[in-house]
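Structure, as structure tokens:
The values are calculated or read from the model by the stated rules, or taken from the named source; none is laboratory data. Computed from a prediction, not measured in an experiment: that's the story for all the values here. Here the Cβ positions follow ideal geometry from the backbone for every residue, glycine too, while neighbour counts run over all protein chains shown.
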Amino acid sequence: MTASSTPAMVELQGVAKRYGEVNALHRVDLSIAKGEFVTLLGPSGSGKTTLLNLIAGMITPSSGRIVIDGRDATTLPTNRRGLGMVFQNYALMPHMTVFENIAFPLEVRRLSKAEIKRKVGEALELIQLGHVANRKPRELSGGQQQRISLARCIVYNPALILMDEPLGALDKKLREQMQLEIKRLHAELGITMLYVTHDQDEALTMSDRIVLMNGGRIEQQGTPDTLYFRPETVFSAEFIGSSNLIPGTVEIGADGAYALNTALGRFAAPAPERAIKAGERAVLLVRPENMALADAATPASVAGHIEDSILLGGVVRHFVRCADGSSLIIQELNQPGRSGAHRGEAVRAAWQPQHGRLLPPAPAG
Amino acid sequence: MAQSSSASDLSPWTALLLLAPLTAVMLLILIYPLGLTVWTSLYNGRFSFDAYVELASSTLFLRVLRNTFEIAIGGTLVSLLFGYPVALHLAAQPPRKRTAYLIMVMLPFWTSILVKSFALVAVFGNQGLINQFLGFVSGGTLNVPMMFNRVGVILGMINFLLPFMILSILGSLLALDRRLILAAETMGAGPLRIFWKITLPLSLPGVLAGVLINVTLSIGMYITPALLGGRQDMMVANLVDFYTRQTLDWTAASATAVALLILSGLLVALLGKVRGSAGLAGAGA
Ligand SMILES: Nc1ncnc2c1ncn2[C@@H]1O[C@H](COP(=O)(O)OP(=O)(O)O)[C@@H](O)[C@H]1O
Ligand SMILES: [Mg+2]
């Protein structure tokens, strides 16, 4: 997936981690290009932290090889990997002032006092917190503390910064502000960043590339657009964005056109990216924003009645109950003077067949 | 204080009622004898400070007082020196192993102080294990006196002091957020720098608590110096014993006891002040 023209910053080759009986991470291959912003996205327990800590050297892999910046780092101790890490709980030293905290990695590198002073000043400038240099971390808000811990990271210019849910402890508004700030720092400094989150919006906002994790494996990886518009599995489709999923059996016409036979009818669909044979089970994915309320029957539409409509500012969401008891979500733009849909009203949920997407069925269990 | 909010829901009368039994017991076993001691030190047929004036000019008392502080502080320092590495090691163990080791740390508590003292003599005494070995390898020329002198007192005391020191340091070390260490490691810090810059400063509250407990305990030590010390290792508690049982001078005994109480109270207050400022420095956990 990575551009082969830029050399890899991190290269994982068949890296796995077991804890006794638990396979925290199955054999994973992953390459992160220099300067890239990669996000590990996945539900809790999917192995994101494990993967990050393997790269940081806090745990050693059960098998596989880790190459950082062209150097085999599989067994290299953490303090010699030259990385930066931002923790969810900030991990600032409580007994040191903000200045001393940011100076710490520079002291480790034995810089002169004058140089330390200059660099810490610059780092504080970059995060616009110069005025708190002499305070203790606990005298700062969560957002300020996290910015300090970012500054502590960028001050020594590591080749790679790892972040494990760094904004998880902040409230929504601050989180969005910090997302932009981290993006800005990434753009300005060109540091490679590997970012862990379980929040799909955060991943979509920030990443050059999203690596979606599921049960200790990489489910799918690609740009935010790819993951949103071209999910390859039901898991990907459900984890990123909301989705309407209609299960059925694949039919392939004489002309090679695909269709899915479902309890709600037979729907034409574009050919899937990974071949599915005729007669096999499959799932048709239609994003809610690709569905609309329609009065008349169209080639791809389902009859039902409105169970609920909710207004989300710029958009409206209709929940449509179909004849077989399943439920579909329709999302439309909210217009002034929009004729309201009423609860219980009989409607049709319609979509353009080319907006459908055939996916292999979700594995049982 | 969030914890006290539920207590303040009680009506004052209920609170008083709940406190009454403990107050009565404390009055009976602590305040009454203490008051009696103070009274005895001031009243001997008539009311006077004579006993204190005499004490302040008594070379015996002053020498014993200096002994007491030297032994208490020396014992505490030795206990800190041995206790810190043990606490560090315990903190690094997985919980189950740590529990097993902690039981070993606590073992001395379950042994009578007399038995412990004799065991120490058997090991460190003139005919003890160590001197027998030294005599054997040196052809009978080497004999290091380690019992019935200052060394003996301190050896005997740390036996008793160490568990307190280890436990309070361990508490601080276990409260230390492991992610701070991990953060320091990712920033490239080696183990020595991590110890000096992070582990040690953040464990200072535990160290100071341990020192405080050790000093308090050892200042009033009585049996160990009597059993394992020499004539010149008399401590204030032994002096009190001397006055009460040998010379039957109850006024001097009481005045000595009160003086010790006040002086050790001052020392504890001083150490407590240091501890308070360390807590403010952000080392608290
Ligand atoms: N030290 C450990 N011992 C045993 N199991 C662990 C340990 N660390 C993680 N795991 C297991 O590995 C799996 C992945 O964990 P983790 O990487 O922390 O997931 P995430 O960060 O995505 O929430 C989970 O099932 C977790 O229970
Ligand atoms: Mg995690």
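Structure values in brief
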| read-out | value |
| --- | --- |
| Checklist (1) modelled with pLDDT under 95; (2) within 14 Å of another protein chain (Cβ to nearest Cβ) applied to A:Met178, failing item | (2) |
| Residue tally, condition within 30 Å of A:Leu52 (Cβ to Cβ) and either of a type in the set (S, T, N, Q) or part of a strand (DSSP E or B) (or both), over the range A:229-264 | 4 |
| Which numbered condition A:Thr205 misses (of (1) among the β-branched types (Val, Ile, Thr); (2) farther than 19 Å from A:Leu52 by Cα; (3) within 16 Å of ligand 2 (Cβ to nearest atom)) | (3) |
| Selection within the range A:54-74 - more than 13 Å from chain B (Cβ to nearest Cβ), surrounded by 16 or more Cβ atoms within 10 Å (Cβ to Cβ) and at positive phi | A:Gly64, A:Asp69 |
| Test: A:Asn89 is under 22 Å from the mean Cα position of the chain (by Cα) and either within 16 Å of ligand 1 (Cβ to nearest atom) or not hydroxyl-bearing (Ser, Thr, Tyr) (or both) | yes |
| Residues that are in contact with a Gly (Cβ under 7 Å, 6 or more places away or on another chain) and within 14 Å of chain A (Cβ to nearest Cβ), drawn from the range B:139-183 | B:Ser172 |
| Residue satisfying condition, being over 25 Å from the mean Cα position of the chain (by Cα) and surrounded by 15 or more Cβ atoms within 10 Å (Cβ to Cβ), within set B:Leu129, B:Leu134 | B:Leu134 |
| Matching option when the condition is within 16 Å of ligand 2 (Cβ to nearest atom) and either outside the structural domain of A:Ile191 (by TED's automatic domain parsing) or surrounded by fewer than 19 Cβ atoms within 10 Å (Cβ to Cβ) (or both), among A:Ala169, A:Ala159, A:Ala133 | A:Ala169 |
| Residue within the range A:47-58 that is away from ligand 2 (no atom under 16 Å from the Cβ), at pLDDT 95 or above and not charged (D, E, K, R) present | yes |
| A:Leu40, sole failed condition from (1) within 13 Å of ligand 2 (Cβ to nearest atom); (2) among the hydrophobic types (A, V, I, L, M, F, W, C); (3) without any contact (Cβ under 8 Å) to a residue 60 or more places away in the chain | (3) |
| Subset tally (residues that are within 27 Å of A:Glu188 (Cβ to Cβ) and either touching a Cys at 6+ places or on another chain (Cβ under 8 Å) or within 8 Å of ligand 1 (Cβ to nearest atom) (or both)) for the range A:41-79 | 3 |
| Failed criterion for A:Ile127 (all others in (1) out of contact with any Lys or Arg (no Cβ under 7 Å at 6 or more places or on another chain); (2) more than 14 Å from chain B (Cβ to nearest Cβ); (3) away from ligand 1 (no atom under 14 Å from the Cβ) hold) | (1) |
| Checking A:Leu212 against (1) within 25 Å of B:Ala183 (Cα to Cα); (2) out of contact with any Pro (no Cβ under 8 Å at 6 or more places or on another chain); (3) among the aliphatic types (A, V, I, L, M), the condition it does not meet | (1) |
| Pair list, Cβ under 7 Å, 6 or more apart: the range A:12-32 residue of a type in the set (S, T, N, Q), other residue within 16 Å of ligand 2 (Cβ to nearest atom) | A:Asn23/A:Gly216 |
| All positions within the range B:72-101 that are in contact (Cβ under 8 Å) with a residue 60 or more places away in the chain and not β-branched (Val, Ile, Thr) | B:Ala72, B:Gly74, B:Gly75, B:Ser79, B:Leu80, B:Phe82, B:Gly83, B:Tyr84, B:Ala87, B:Leu88, B:Leu90, B:Ala91 |
| Subset of the range A:146-166 (residues that are part of a loop (DSSP other than H, G, I, E, B) and farther than 19 Å from A:Leu124 by Cα) | A:Ala159, A:Glu165 |
| Single condition B:Ile194 does not satisfy, out of (1) more than 8 Å from chain A (Cβ to nearest Cβ); (2) touching a residue at least 40 places away in the same chain (Cβ under 8 Å) | (2) |
| Count - residues of the range A:75-86 that are more than 7 Å from chain B (Cβ to nearest Cβ) and over 26 Å from the mean Cα position of the chain (by Cα) | 4 |
| Options A:Gly215, A:Gly190: the member that is within 16 Å of ligand 2 (Cβ to nearest atom), surrounded by fewer than 18 Cβ atoms within 10 Å (Cβ to Cβ) and of a type outside the set (A, V, I, L, M) | A:Gly215 |
| Whichever residue in the range A:13-40 is within 16 Å of ligand 1 (Cβ to nearest atom) and surrounded by 22 or more Cβ atoms within 10 Å (Cβ to Cβ) and, among such residues, is farthest from A:Leu204 (Cα to Cα) | A:Lys17 |
| Top-ranked residue of the range B:2-16 - restricted to ones that are modelled with pLDDT under 55 and not polar (S, T, N, Q), ranked as surrounded by the most Cβ atoms within 10 Å (Cβ to Cβ) | B:Ala7 |
| Condition check for A:Glu115: surrounded by fewer than 22 Cβ atoms within 10 Å (Cβ to Cβ), away from chain B (no Cβ under 12 Å) and within 16 Å of ligand 1 (Cβ to nearest atom) | no |
| Scope the range A:171-228; condition outside any helix (DSSP H, G or I) and among the hydroxyl-bearing types (Ser, Thr, Tyr); matching residues | A:Thr192, A:Tyr195, A:Thr197, A:Ser207, A:Thr223 |
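Rundown of residues vs (1) in contact with a helix residue (DSSP H, G or I) (Cβ under 6 Å, 6 or more places away or on another chain); (2) within 30 Å of A:Glu125 (Cα to Cα); (3) more than 10 Å from chain B (Cβ to nearest Cβ), yes/no style:
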{"site": "A:Leu41", "(1), (2), (3)": "yes, no, yes"}
{"site": "A:Leu51", "(1), (2), (3)": "no, no, yes"}
{"site": "A:Pro94", "(1), (2), (3)": "yes, yes, no"}
{"site": "A:Ala103", "(1), (2), (3)": "yes, yes, yes"}
